[in-house]
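To start, the structure itself, in structure tokens.
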Number of protein chains: 4
Amino acid sequence: MFFASDNTSGVHPKIMEALVKANDGYAAPYANDRWTAELTERLRDLFQAPDALVYPMVSGTGTNAALLAAMTPPWGIVYCHKTAHIEVDERNSVPFYSGGAKLKLMAGEGSRMTPNELRTAVTGDSARDDVHASPPAAVSLTNLTEFGELYRPADIAALAEASRLPLHFDGARFANAMAASGATPWQMTRELATLSLGATKTGAMGAEAAVLFDPSYKEAFESQRMRGGHNLSKARYISAQILAWLEGDLWLELATQANAIGARLARGIAEIGGELAYRVEGNLVFARLPRRMHVQAKAKGAVYNMWGPGTALTGDPDEPLLARFVASWSTTEANVDALLAALSD
Amino acid sequence: MFFASDNTSGVHPKIMEALVKANDGYAAPYANDRWTAELTERLRDLFQAPDALVYPMVSGTGTNAALLAAMTPPWGIVYCHKTAHIEVDERNSVPFYSGGAKLKLMAGEGSRMTPNELRTAVTGDSARDDVHASPPAAVSLTNLTEFGELYRPADIAALAEASRLPLHFDGARFANAMAASGATPWQMTRELATLSLGATKTGAMGAEAAVLFDPSYKEAFESQRMRGGHNLSKARYISAQILAWLEGDLWLELATQANAIGARLARGIAEIGGELAYRVEGNLVFARLPRRMHVQAKAKGAVYNMWGPGTALTGDPDEPLLARFVASWSTTEANVDALLAALSD
Amino acid sequence: MFFASDNTSGVHPKIMEALVKANDGYAAPYANDRWTAELTERLRDLFQAPDALVYPMVSGTGTNAALLAAMTPPWGIVYCHKTAHIEVDERNSVPFYSGGAKLKLMAGEGSRMTPNELRTAVTGDSARDDVHASPPAAVSLTNLTEFGELYRPADIAALAEASRLPLHFDGARFANAMAASGATPWQMTRELATLSLGATKTGAMGAEAAVLFDPSYKEAFESQRMRGGHNLSKARYISAQILAWLEGDLWLELATQANAIGARLARGIAEIGGELAYRVEGNLVFARLPRRMHVQAKAKGAVYNMWGPGTALTGDPDEPLLARFVASWSTTEANVDALLAALSD
Amino acid sequence: MFFASDNTSGVHPKIMEALVKANDGYAAPYANDRWTAELTERLRDLFQAPDALVYPMVSGTGTNAALLAAMTPPWGIVYCHKTAHIEVDERNSVPFYSGGAKLKLMAGEGSRMTPNELRTAVTGDSARDDVHASPPAAVSLTNLTEFGELYRPADIAALAEASRLPLHFDGARFANAMAASGATPWQMTRELATLSLGATKTGAMGAEAAVLFDPSYKEAFESQRMRGGHNLSKARYISAQILAWLEGDLWLELATQANAIGARLARGIAEIGGELAYRVEGNLVFARLPRRMHVQAKAKGAVYNMWGPGTALTGDPDEPLLARFVASWSTTEANVDALLAALSD
């Protein structure tokens, strides 16, 4: 009953197998190996982006920060949702890497930015055109969002149109978003300047790809990546993971399965009287359940996180408390059923 | 009819005279002169703060940023109102000086933070206690606010109590706030860790004092001041300005007069059918007036700034448009009457 | 004939096996797993440092920068040899992470700092004691140095005594240094405040440990690590590598073997008339050989790097050109003999 | 007998008079006033640079740092002499403003860089062309140097040719350099990308001009200036100082006079047996004199700074100790004679 995060899961056997196979002799370091070359070709094909630049990375935070720092001057503004990982969970990484850029937070609807709010914010900031003010530089969207909601291609196009700014996509759960949307990779990414493509949460050991659809960020990104300590020597082992993840659409298979588990869990929670706090479109379920359910589930060994202020397990047993349940590639239907039983029995 | 800003005014004759008098022979540089020593004594007395450290400065932005960067680690949070100068008008100076700290913006009521909102924000951020999150570090309040509203000593005490964080006070219009509040300097500043005391907008040529009520910030502040380029050699000429400004309570006299002009203008605007957008407690008046009034006043030479989005002078003549009018130490009653006539005739 | 770098080698089979074994079920993320707990205990024992803090990392550059940024204020000085990796190969990572600290470069003897030069530099900088100047903060030494030379425990003690500053140790080749010195881990590290312990170059896939012998750097280091993007979620796979590396002294076995290969190569180069540019104390060999030797070796497939300015392969065939040869854990005696043959035949 | 620094002098009467005259009514803030417009025209004419951009500043450190940060990326190298003010006296301001750029220090001859050393350094760094390395970005020269030596136009051209990088000129003593060189302003500046033109040390109260001969740095410089807190509101009072300083070549008159005082002092020191440590080409005199001379001169009230390590006034009375003597615009021949008498009698 491990629902704490998709990063508590292990590595998918096919990816581990690929690591073992990649461990063959010498390879040029710093992403000058043949696995990385193959990965670049593979992703260019996938996204129908023949000029895209691809870099093997290991850290979502590092990838987000190095990409965004390449997209904004130190005095610029990056727009994102107020719940974005870059705002909430990266200990000021974007101001750090960029040398001072700020995040302007959108309240959004649910956990997603809306085009209207974004347009108003960017238009107002652009209109100032004064050295005292900070100029708009970029937009960062997270998909799936931190609360499991989905931007579809049309949503992304609307944000691009509303902001007229380069778009960064935090794809820590890119596979889940793809599986949920039914879109093609090209449809999902055609409006983007850059992408943090995360495989770690969907079965890899530690593998992300930074994708520069706009190759003009090359020098700035490579510099940020280097000085940030993210130009790793034995990069073949990162690229090999992502290649295995893409092979035979393993990534989509794992994400589809995790999303299905999420849906099953959402249905079950509704059946036991829980209230879903956000739409469940992928593998994340946020739900309010009476305190007593949480107490007994945790006593029976369920592992997941309470969310937000005031979620202590002592108090009125009927008070509804918000919790986050995350399904991963390795979560089974039996796990869900056991969790639901632990909560409700 | 110059109502664009209090920084368009010149230097008060007594301050200019003090500059001429200070121009007497040699003086040790970098604030090791006798004027600065006297200023330190004078401000310690004024604020009843015998341990306070005092630094002559010339820039409000530089003073704010160097002080706040001494009060927060690079990964910390500084809370302020969403309209604070440090957020809106300093081109990311706080993230820059601090090496990455972020401003968390309070919506407030009018242009002031409320204790409840601040408490909720700080409590939530403190509760996370997770290396992913940014820890609360400091609060910055502006008094008078950017929209001319006043925090009284009890308001400041409430913010201190609500946040339990060190307080920085952006006092670009400290004199106006003092004149409006009727408080003593000690009452106004007793809760503060640091103060940016601005004289420039109230009659000086270019003079601020950074006041460290908490001397533990000494090394960090002096370092930020130095590397920011704000440790000026001929500092005697800054300190001499502030000494003259304090002498015989000139500062309060000038601020009282500017505030009275503000009140007169507010009454006059109400009489000609304008709507005040914020309480007028000092020398700043924000008012909505029909577009035709603005058009004719500007045609007659009135100088002031339209405010916010959609304030173009072409369009429906009856549409109310927001403008900012600022009274300075040198604004006369005749100036106000001329402005009102220009708007309404 | 791969002598380009020890990071072109693969992963030692025992370490790969440990990765496969660690891939077992769920684990708490962000170094809260049992492998990391065991690693901490293991390293505390090894270094006889019961209060030391240990963090699994993947990047030498990231580890160096995050450690040093915890040891210096933004306005401080870090002393290092002019050939240090942090100066020459990390694209300004220390000024970046620290928010402005500078490296002061020691000319040293060979590739090592000398106590006298360091003492003079630190003493001079300390004596200034002026806010205009940058204060001494830390010393960083690399062992083996970038040119393969060794600091013995007595050398390190002399640097500590000369500088009276906290010491950082860039241990990208820590195992090689240990094997070369014959010292115990405690002897080698007893003077240190922090250590970047690198396993990647000695058989791991991507694994370093940041060791804080002085736990007072905890908050600053953890913050730098987080915002730098080096707090990886599936950290068990890093710690598992290092545990396997330590197990049964595999690390020393591999380093001893690589050092022996280095010595064999050094002898062979001397025999074919090459001139060693630095003492060969570990697995790095810098040698000057006639251009024609390089030309023919490279034509026969030898892979290694020419070093420094003016090392183009076209020109006077007898001109001696400097090259770097690196032995790794997987280099064999046969590889050395083949290289020597390629150079000299 | 004030020879401590040219910044201990007061303000020249003509400049003070100009300040009083500029205190006339309202003026647009932030350098949008008529004095600044006139200053721009005046400097464009002086330097025969019709596209140059001019900004009134108050701080040499702030001007240097904001200019250099506009000329280098955060990962770049700025070359300067090891005694440059930006290295020795600005508490890491360049790494700070630039977000991480480093200074590479030239040993030079005396206190000046040599073209050969600079060429070697830049060529070597350029040749690396590797993301691990830091790329060359700019050169900063100080003229007069910190030790009073002069670069003539041909010297500057040689540095430009040797480096093929944009040149920044720290002109804290630009007037002294001009007076010493006999060159025209155009000859002295024709190779420059940017200039920190300092008037403070030559009779102003606090006035520098940032001159961008290359206007492509506009956005970056204006942004750095703003976020650094150097876009001052009442800028007319800065520009008015520089205009008065330029008027009737007052600047050259004052510098010529200070340089003549420097020469007189140098001759006198030689006559009393002192040894000049650097060529005296302007208003700075570095000389070694027996400790007893320093002791008695200081006892008689002479004010100047001992220089470098080991200059304590207690010890062997005959040991030669280095001191710095600075002549300013207000130093008289009688002052020199009194100083020499105090040293030697």
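Where only DSSP H runs of four or more residues are counted, chain B gives -13000 deg cm²/dmol as its mean residue ellipticity at 222 nm, each run worth -39500 (n - 2.57). The Cα center of the range B:187-258 and the Cα center of the range B:39-102 differ in position by 11 Å.
Rounded to the nearest 10 square angstrom, B:LEU246 shows an accessible area of 0 square angstrom against a 1.4 Å probe. Bridging of D:LYS201 to lysines at a Cα separation below 24 Å is possible for B:LYS21, B:LYS234, D:LYS14, D:LYS21, D:LYS82, D:LYS234, D:LYS298, once same-chain residues fewer than 8 apart are set aside.
Roughly how big is the D-C contact, given as buried accessible area in Å² (both sides, 1.4 Å probe, nearest 100)? Before the final figure, lay out the partial values.
Numbers: alone 14630 and 14670 Å², together 27520 Å².
So the total buried area for this chain pair works out to about 1800 Å².
Once you've got the GNM for chain C with C-alpha springs shorter than 10 Å, pick whichever of C:PRO136, C:PRO317, C:PRO56 has the biggest mean-square fluctuation. Looking only at C:PRO136, C:PRO317, C:PRO56, the biggest GNM fluctuation is shown by C:PRO317. With springs only between Cα atoms under 10 Å, which of A:ALA158, A:ALA177, A:ALA209 fluctuates most in a Gaussian network model of chain A? For chain A, modelled as a Gaussian network with Cα springs under 10 Å, the answer is A:ALA158.
Rolling a 1.4 Å probe across the protein heavy atoms gives the range D:251-344 an accessible surface of 42 Å² per residue.
Put simply, the amide H of C:PHE169, placed in the peptide plane, has neighbours under 5 Å in C:LEU141, C:THR194, C:LEU195, C:SER196, leaving out anything fewer than 5 places away on its chain. These residues, C:SER233, B:SER216, B:SER93, go from largest to smallest accessible area, 1.4 Å probe, as B:SER216, C:SER233, B:SER93.
The alpha-carbon of D:LYS218 sits under 14 angstrom from the alpha-carbons of these aspartates and glutamates, leaving out residues fewer than 8 places away in its chain: A:ASP130, D:ASP51. Residues of the range C:74-94 buried by at least 40 Å² of accessible area upon assembly of all protein chains, compared with the chain on its own (1.4 Å probe): C:TRP75, C:GLU87, C:ASP89, C:ARG91, C:ASN92.
Can you bin the range A:39-192 into rounded, prolate or oblate? Criterion: square roots of the alpha carbon gyration tensor eigenvalues sorted a ≥ b ≥ c, rounded for a/c under 1.5, prolate for a/b above b/c, oblate for the rest. Numbers along the way, then the final one.
Details: a/c = 1.57, a/b = 1.34, b/c = 1.18.
It is prolate, given that a/c is not under 1.5 and a/b is the larger ratio.
For the range D:190-247, the relative contact order comes to 35 percent (Cα pairs under 8 Å, sequence separation of at least 6). Over the range A:156-277, the alpha carbon radius of gyration divided by the compact-protein estimate 2.2 N^0.38 Å works out to 1.25.
Label-to-label distances for A:THR184 across copies, nearest first, come out at 6.6, 6.7, 7.7 nm, using points 7 Å from Cα in the beta-carbon direction. Is the shape of chain B best called rounded, prolate or oblate, per the rule: a/c under 1.5 gives rounded, else a/b larger than b/c gives prolate, else oblate, with a ≥ b ≥ c the square roots of the Cα gyration tensor eigenvalues? Judged from the Cα gyration tensor, chain B comes out oblate (a/c at least 1.5, b/c at or above a/b). For peptide A:98-108, the mean count of partner chain Cβ atoms within 10 Å of a residue's Cβ comes to 5.
Taking a probe of 1.4 Å, how large is the accessible area per residue of the range A:13-249, in Å²?
Details: 7120 Å² over 237 residues.
Averaged over the residues of the range A:13-249, the accessible area is 30 Å².
The apolar share of the surface of the range C:251-344, taken as the fraction of accessible area on carbon and sulfur atoms (1.4 Å probe, ligands and nucleic acids excluded), comes to 55 percent. In the range B:14-108, with Lys and Arg counted as +1 and Asp and Glu as -1 at Cβ, which of these residues, B:GLY100, B:THR36, B:MET71, has the Cα nearest the positive end of the dipole, that is, farthest along it? Checked the options; the winner is B:GLY100.
Suppose we keep just the DSSP beta bridges with both residues in the protein assembly as shown; what percent of those would be antiparallel, to 5? The partial results should precede the final answer.
Values: 88 of 156 bridges.
Bridges in the protein assembly as shown that DSSP calls antiparallel: roughly 55 percent.
Highest GNM mean-square fluctuation among C:ARG119, C:ARG44, C:ARG227, for chain C modelled with Cα contacts below 10 Å: C:ARG227.
To check you understand DSSP bridge types, tell me what percent of the beta bridges within the range D:68-156 (both residues inside) are antiparallel, rounded to 5. If you can, show how the numbers build up before the last one.
On the way: 1 of 9 bridges.
Close to 10 percent.
The solvent-accessible area of C:GLU219, taken with every protein chain present and a 1.4 Å probe, is close to 110 Å².
Nearest 5 is fine: what % of DSSP beta bridges in chain A come out antiparallel, could you say?
On the way: 22 of 39 bridges.
Within chain A, antiparallel bridges account for around 55 percent of the total.
When only the heavy atoms of the protein chains count and the probe is 1.4 Å, how do A:GLU90, A:GLU161, C:GLU271 rank by accessible area, highest first?
Numbers: A:GLU90 0, A:GLU161 90, C:GLU271 150 Å².
Sorted descending by solvent-accessible area, the residues read C:GLU271, A:GLU161, A:GLU90.
The phi torsions of the range C:290-306, fed into the Karplus equation with coefficients 6.51, -1.76 and 1.60 and a -60° offset, translate into couplings of x, 3, 4, 5, 4, 4, 6, 5, 5, 4, 8, x, 5, 10, 6, 9, 6 Hz, rounded to whole numbers, with Gly and Pro shown as x. Shape class of the range B:256-344 from the Cα gyration tensor (axes a ≥ b ≥ c, square roots of the eigenvalues): prolate, since a/c reaches 1.5 or more and a/b is larger than b/c.
Cα to Cα, under 13 Å, and not fewer than 8 places away if on the same chain: which aspartates and glutamates meet these conditions relative to D:LYS300? Within reach: D:ASP345. Surface composition of the range A:103-228: carbon plus sulfur atoms hold 48% of the accessible area, using a 1.4 angstrom probe and ignoring ligands, DNA and RNA.
Name the residues of the range D:177-222 whose accessible area, probed at 1.4 Å, falls by at least 40 Å² once all protein chains are in place instead of their chain on its own? The answer is D:MET205 - residues whose exposure falls by at least 40 Å² when every protein chain is included.
For the range A:117-164, a decrease in accessible area of 30 Å² or greater in the assembled protein chains relative to the isolated chain, with a 1.4 Å probe, applies to A:ARG128, A:VAL131, A:HIS132.
The values are calculated or read from the model by the stated rules, or taken from the named source; none is laboratory data. All values derive from a computational prediction rather than experimental measurement. Using ideal geometry, Cβ is built from the backbone for each residue, glycine included, and neighbour counts are taken over all protein chains shown. When the accessible area is computed, the model is the full protein with side chains, heavy atoms only, and any ligands, DNA or RNA have been set aside. Shrake-Rupley method; radii C 1.70, N 1.55, O 1.52, S 1.80 Å.
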